[in-house]
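The values are calculated or read from the model by the stated rules, or taken from the named source; none is laboratory data. Values in this document were obtained by computation on a predicted structure and should not be read as measured data. Positions of Cβ are generated from backbone atoms using ideal geometry, with glycine treated the same way; all protein chains shown enter the neighbour counts. For accessibility, only protein heavy atoms count, side chains too; no ligands or nucleic acids. Shrake-Rupley method; radii C 1.70, N 1.55, O 1.52, S 1.80 Å.
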Amino acid sequence: MMWRRVVLDVLLPHPAERVYPLLADPARWPDFAPAVAFRQRIGDGTPDVGSRWWAVDRIGPFRVRFADVLESIEPGERVVWHSTSPWNSRVEYVCVPEDGGTRVHARYEGDIAGWLQLTALLPDVAWRWILMRDFRGITRLLDAEDRAMGKTADRTPHLQ
């Protein structure tokens, strides 16, 4: 296996009450995250710590199958996900209101297994660019919702 850690500090131009629910609900991830092909909840009831989702990500022409597990949640503020093998990873999102927008502190770390270890060889700048696509997608999605409601302003997330 190969250990990898990437930390992002991103300022999104939308309030936390709109950003956080997207990061806390894997069913919404295909709406904004380019690599996410599929997420489906396993089981019923209200999602809580230990809840699981079947997952498929697209890595180039390949499909990677695994499960996402809700590891920790502080509603409206912080959510932590664990992805099973081959990702063997953990991602933590902390949302902090800032100047009418949301500062998202995102920490991705894991022990990548199998052929996916090749992705761990990418330099940090490449990982940051890849992961920033999710935040650009969140901004596009929320901007589109604003336009549909008659609000204007297309904005871009800023990596700090």
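Restricting to the range 64-73, name every residue that is among the charged types (D, E, K, R) and touching a residue at least 24 places away in the same chain (Cβ under 8 Å).
First, pick out the residues of the range 64-73 that are among the charged types (D, E, K, R): 65, 68, 71.
Residue satisfying the conditions is ASP68 alone.
Just wondering, is there one or more residues in the range 15-30 that are assigned to a strand (DSSP E or B) and surrounded by 15 or more Cβ atoms within 10 Å (Cβ to Cβ)?
no
Condition check ((1) among the charged types (D, E, K, R); (2) touching a strand residue (DSSP E or B) at 6+ places or on another chain (Cβ under 8 Å)) across all residues:
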position	(1), (2)
VAL104	no, yes
GLU109	yes, yes
ILE112	no, yes
LEU116	no, yes
THR119	no, yes
LEU122	no, no
ASP134	yes, no
ILE138	no, yes
LYS151	yes, no
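Condition (residue is closer than 18 Å to ALA35 by Cα, touching an Asp or Glu at 6+ places or on another chain (Cβ under 9 Å) and either exposed (fewer than 15 other Cβ atoms within 10 Å of the Cβ) or touching a residue at least 60 places away in the same chain (Cβ under 8 Å) (or both)) applied to the range 109-116: is it met by at least one residue?
Among the residues of the range 109-116, at least one is closer than 18 Å to ALA35 by Cα, touching an Asp or Glu at 6+ places or on another chain (Cβ under 9 Å) and either exposed (fewer than 15 other Cβ atoms within 10 Å of the Cβ) or touching a residue at least 60 places away in the same chain (Cβ under 8 Å) (or both), which makes the answer yes.
Across the range 89-123, what is the total count of residues that are modelled with pLDDT of 90 or more and either within 25 Å of MET2 (Cβ to Cβ) or assigned to a strand (DSSP E or B) (or both)?
Residues of the range 89-123 modelled with pLDDT of 90 or more: 89-109.
Filter once more, keeping what is either within 25 Å of MET2 (Cβ to Cβ) or assigned to a strand (DSSP E or B) (or both): 89-98, 101-109.
The number of residues fulfilling the criteria is 19.
Determine whether the range 44-63 contains at least one residue that is open to solvent by 10 Å² or more (accessible area, probe 1.4 Å), under 17 Å from ASN88 (Cα atoms), in contact (Cβ under 8 Å) with a residue 60 or more places away in the chain and not small (Gly, Ala, Ser).
Yes, the conditions are met somewhere in the range 44-63.
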